[in-house]
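Only one structure is covered here, and it is reproduced in the block below.
The values are calculated or read from the model by the stated rules, or taken from the named source; none is laboratory data. Computed from a prediction, not measured in an experiment: that's the story for all the values here. Backbone-built Cβ (ideal geometry, glycine too); neighbour counts: all protein chains shown.
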Amino acid sequence: MTFRFRALASCAAALLLALPAVCAHADGDDTSLTNLVALVSQRLALAEPVAQWKWLNHKPITDTPRENALLADVQKRAAAAGVDPAFARAFFRDQIDASTQVQQGLFANWRNSQPPSGPAPDLASVTRPQLDRLTGQLIGALARVQPTRTADDCPARVARAVANWKELTRYDSTRAEAMTRALGHVCEAGGVGGTA
């Protein structure tokens, strides 16, 4: 068990203990879902420095070859980690789409008002390594939520995990729609809160 995982698990356990009793379930707690939401939130936060770098370097938001390479790599890594590769691919497609949504919103704001100022973190040496680290952590998190995917109450449990995460953090509410999109395939039934 790596130090980062232990720290994340410890943090999630501490957060879970602070949550209201309504998030407890007879069939187990939702620590794995809370961890997943935390990691998705971290990944979404990186959409801003990515967008800033692309804006300042006049690059398009969408990079189809890079996206396809990521999805192929994710499927291989998921299979090695005991995660259904199709589930991992759909989940990471959602991550890409959610990040694109955030970046498009930022580009629209910058076009209509004040563009970003100052240098952006370097995409290749700073931001992409952070994204790569999160990819590995997210694959591990998918392995832990995989048993929850088929539960009838899975969408409601994901919605509760998101609500708890928002309550316990300074979550950016402007990204709520992107968060919902990023979690769209966690449950086999689809959607968050029962909406596909």
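Against the definition (in contact with a Ser or Thr (Cβ under 6 Å, 6 or more places away or on another chain), touching a residue at least 24 places away in the same chain (Cβ under 8 Å) and crowded, with 18+ Cβ neighbours inside 10 Å), how does V162 come out, yes or no?
Values: in contact with a Ser or Thr (Cβ under 6 Å, 6 or more places away or on another chain): no; touching a residue at least 24 places away in the same chain (Cβ under 8 Å): yes; crowded, with 18+ Cβ neighbours inside 10 Å: yes.
So V162 does not fit the description; no.
Would you please list the contacts, defined by Cβ atoms under 9 Å and residues six or more apart or on different chains, that run from a residue in the range 170-182 that is of a type in the set (S, T, N, Q) to a residue that is modelled with pLDDT under 75 and outside any helix (DSSP H, G or I)?
T180/G193; T180/T195
Within the range 49-98, restricting attention to residues that are basic (K, R) and more than 15 Å from the chain's Cα centre (by Cα), which residue is surrounded by the most Cβ atoms within 10 Å (Cβ to Cβ)? Can you show your working first?
Taking the range 49-98 and keeping what is basic (K, R), we get 54, 59, 66, 76-77, 89, 93.
Add one more test, that the residue is more than 15 Å from the chain's Cα centre (by Cα), and what stays is 54, 59, 66, 76-77.
Numbers: K54: 19, K59: 13, R66: 11, K76: 11, R77: 17.
By that ranking, first place goes to K54.
Which condition from (1) farther than 30 Å from N57 by Cβ; (2) buried (at least 18 other Cβ atoms within 10 Å of the Cβ); (3) in contact (Cβ under 8 Å) with a residue 60 or more places away in the chain is the one that C187 breaks?
C187 satisfies all of (1) farther than 30 Å from N57 by Cβ; (2) buried (at least 18 other Cβ atoms within 10 Å of the Cβ); (3) in contact (Cβ under 8 Å) with a residue 60 or more places away in the chain except (3).
What residue, among those in the range 37-69 that are of a type in the set (D, E, K, R) and part of a helix (DSSP H, G or I), is nearest to L106 (Cα to Cα)?
Within the range 37-69, the subset of a type in the set (D, E, K, R) is 43, 48, 54, 59, 63, 66-67.
Next cut, part of a helix (DSSP H, G or I) only: 43, 48, 54, 66-67.
Working: R43: 16, E48: 7, K54: 11, R66: 21, E67: 20 Å.
Here the answer is E48.
Just to be sure I understand, how many residues within the range 13-46 are modelled with pLDDT of 90 or more and over 18 Å from T169 (Cα atoms)?
0
Please go through the range 134-153 and pick out each residue that is basic (K, R) and free of Cβ contacts under 8 Å to residues at least 60 places away in the same chain. I'd like the intermediate steps shown before the answer.
Restricting attention to the range 134-153, the residues satisfying the condition of being basic (K, R) are 144, 149.
Matches in the range 134-153: none.
For the range 95-150, which residues satisfy the criterion of being among the polar types (S, T, N, Q) and more than 30 Å from A189 (Cβ to Cβ)?
To start, the set of residues in the range 95-150 that are among the polar types (S, T, N, Q) comprises 95, 99-101, 103-104, 109, 112-114, 117, 125, 127, 130, 135, 137, 146, 148, 150.
Result: N109, N112, S113, Q114, S117, S125, T127, Q130.
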